[in-house]
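One structure below.
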Amino acid sequence: MSETTETTIGVPEALAEPIARVRPGWMSLLFFANIALWLGVYAPIQVLLPQQAELLDKVNKEFVLGLVMGVGAVVALVVNPAVGLLSDRTCSRFGRRHPWTVAGAAVAAVGLLVLAFAPNVALLITGWCLVQAGLNGMLATLMSAIADRVPVGQRAQVGGLVGIAQMLGTVLGAIVVVLVAGFAGLAPAYAVCAGIVVAGAAFFVLRTPDAHLPVEFRPSAKAGEVLRNLWVSPRRFPDFAWAWSCHFMINLGNAFGTLYLLFFLQDAVHYPDPATGLIIMMALYGVALVIGALLAGHFSDKSGRRKPYVLVASGVMALAALLLVVWQSWPVALVASPLLGVGFGAYMAVALAMLTQVLPTAQDRAKDLGVINIANSLPQVLAPLVTPLVLAYLGGYPGLFAASAVATLLAAVLVLRVKAVR
């Protein structure tokens, strides 16, 4: 449990800037909820969806995977800020965020079960859209919990834990589904993912507080104002715009570098067992990410500085991509994996702290974080569309990793424009 958020006179707890530090129990529950969420996202992306795409159309597996991923990412693009906006206006006695966390987990579980029995591309797309809708609704509310409950001086530490949770969800997802799918098939692997997602959401909702928003403080619910409110003006809030752009480029570079890793090991590296190779790479990536996130989170909160850590993280991630531009081999992949991990871990720890510090208003925290999360989802729309073209016309995998390095370095340039963050 966290300590009760302190309030100023006349401001309800739901809208007050948090002052009391959150306790380890609260951080642990948020940590495990995020592991469940990212396992639900990345286990299908890394292993199950590529295998299904190959089963359904071996010749055009890249196109099928790109189509499924792209349509699902469009759904994520819409749902994340929409659920954030709705939760900002929710006055339920159960709180603003928790009802949407539960609903998101339930929708995602249904989508995973649809994927388990999808006999064609149409149902594959339908199931993945449900998964993206549910998990992005859950993501919107879990990220809002940081702005709602965690004081600024503790956010890089909590951000580091969230970054580690994302990594662990990715690694554990790959391990779990490879083992379960290898032993029992794809359908049980999807069912296990669904159960983990629901369990992570349930433990967080049942064991943590969620402040009630009094009706008189609810933002306008008029359709016109709600739609206009989805837009955050770069002119009025330039720091928000620059931080969003930095986050977008980091995620675009990461999507270029990781979306087709299974096919990269299979078709470029010619590793004899690509699924096992992917697990080895992700284990190295994960250990390094934990180190990067913990160190960056600790020292960033201690110093109050964010930008230097973003700059170093961007450089390290670009170096990892450039190594794979020059050498597409298994030994180099083993070097690039931990470099990418330590860079992304350091970035994620500091990024969440930086992004929550440039939110325009307390009333629209979840909506604004939903807009920021578009910077996570939009690259998942663009990368599947661009990647096949890069592979076909711009030098194959070396061209793809070069694009990853360029995007990541551009993020370092953009973060320098954020003025409100040290």
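The values are calculated or read from the model by the stated rules, or taken from the named source; none is laboratory data. Bear in mind that the values here come from a model prediction, so they are computed numbers and not experimental data. All Cβ positions, glycine included, derive from the backbone under ideal geometry; neighbour counts span all protein chains shown. For accessibility, only protein heavy atoms count, side chains too; no ligands or nucleic acids. Shrake-Rupley method; radii C 1.70, N 1.55, O 1.52, S 1.80 Å.
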(request) Would you tally the net charge around TRP242, using a Cβ to Cβ cut-off of less than 9 Å, leaving TRP242 out, and scoring K and R as +1, D and E as -1? (result) +1
(message) For the chain, what does the accessible surface come to per residue with a 1.4 Å probe? Please give it in Å².
(response) 39
(message) If I take R0 = 51 Å and measure r between the Cβ atoms of ALA392 and ALA16 in this structure, what FRET efficiency does the formula 1/(1 + (r/R0)^6) give, to the nearest 0.05?
(response) 0.45
(request) Just the number, please: carbon plus sulfur as a percent of the accessible area of the chain, 1.4 Å probe, no ligands or DNA/RNA counted. (result) 71
(message) With the crude spin-label approximation of a point 7 Å out along Cα→Cβ, what separation in nm comes out for ALA191 versus VAL152?
(response) 5.1
(request) Kindly write out, for region 330-339 in residue order, the coupling ³J(HN,Hα) from the Karplus curve 6.51 cos²θ - 1.76 cosθ + 1.60 (θ = phi - 60°), rounded to whole Hz, with x marking Gly and Pro. (result) 5, x, 5, 4, 5, 7, 5, 4, x, 4
(request) Using the Cα centre as the reference, give the magnitude of the dipole from point charges on the C-beta atoms of the chain (Lys, Arg: +1; Asp, Glu: -1; all else neutral), rounded to the nearest 20 debye. (result) 920
(message) Compute the orientation-averaged projected area for region 25-72 from the convex hull of its Cα atoms and round it to one decimal in nm².
(response) 3.5
(message) Taking amide H atoms as placed 1.01 Å from N in the peptide plane, list the residues 5 or more away in sequence, or in a different chain, whose amide H sits under 5 Å from that of LEU394.
(response) none
(message) I need the phi-derived Karplus couplings for region 399-412: 6.51 cos²θ - 1.76 cosθ + 1.60, θ = phi - 60°, integer Hz, Gly and Pro marked x.
(response) x, 5, 6, 5, 4, 4, 5, 5, 4, 5, 5, 5, 4, 5
(request) Quick one: what are the phi-derived ³J(HN,Hα) couplings along region 116-133, Karplus 6.51/-1.76/1.60 with θ = phi - 60°, whole Hz, x for glycine and proline? (result) 4, 10, 6, x, 8, 5, 4, 6, 4, 5, 4, x, 5, 5, 5, 4, 5, 4
(request) Evaluate the relative contact order of the chain (contact order divided by residue number), counting alpha-carbon pairs under 8 angstrom at least 6 apart; express in whole percent. (result) 26
(request) Run down the lysines and flag those whose C-alpha is under 26 Å from the C-alpha of LYS367, throwing out any fewer than 8 positions away in its chain. (result) LYS222, LYS307, LYS419
